[in-house]
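One structure below.
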Amino acid sequence: MLYDNGFGTFLQEDMNRFAELTLGDIPQRSVKRYALYFLAGAMFNTTIQWLKSGARESPRTMVRAFIKMLSQDFGELGGLDD
């Protein structure tokens with residue numbers, strides 16, 4: 001309900017803070033810091049879609065699916081190899 005009522009930004013910021021605490025502090029000058037927010041965004045959107053669809057899958061199933069997605073090569077989506 002929070003997301004549907006315009007509070008997605010607040011939820012996303014909490015996910016970013018969680019990622020920062022969990023994955024560690026990356027120096028501001030490092031390009032690698034963007035990976036942290038890439039992962040946080042993926043976790044956020046995956047969680048939102050899971051909840052919107054009624055959370056039919058168990059949390060354990062979702063964790064396994066997320067880990068599997070992280071190991072995929074997304075280079076074939078187009079333009080990512082440039």
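Write out, first by first residue and then by second, each pair whose Cβ atoms fall under 9 Å of each other, whose residues are 6+ apart or on separate chains, and whose first residue, in the stretch 1-13, is assigned to a loop (DSSP other than H, G, I, E, B) while the second is surrounded by 10 or more Cβ atoms within 10 Å (Cβ to Cβ). Matching pairs, first to second residue: 1/7; 2/8; 2/10; 2/11. Within the stretch 18-55, the set of residues being without any contact (Cβ under 8 Å) to a residue 24 or more places away in the chain, over 21 Å from residue 1 (Cβ atoms) and in a helix (DSSP H, G or I) comprises 20, 21, 22, 23, 33, 34, 35, 36, 37, 38. Criterion first (open to solvent by 60 Å² or more (accessible area, probe 1.4 Å) and modelled with pLDDT of 80 or more) does residue 15 satisfy it? No, not satisfied. Filtered by the rule that a residue be among the β-branched types (Val, Ile, Thr) and either in contact with a strand residue (DSSP E or B) (Cβ under 8 Å, 6 or more places away or on another chain) or more than 20 Å from residue 71 (Cα to Cα) (or both), the stretch 22-58 gives 26, 31, 48.
The values are calculated or read from the model by the stated rules, or taken from the named source; none is laboratory data. None of these values were measured; they are calculated from a predicted model. Here the Cβ is made from the backbone with ideal geometry for all residues, glycine too, and neighbour counts use every protein chain on show. Protein only, heavy atoms only, side chains kept; ligands, DNA and RNA dropped before computing areas. Shrake-Rupley method; radii C 1.70, N 1.55, O 1.52, S 1.80 Å.
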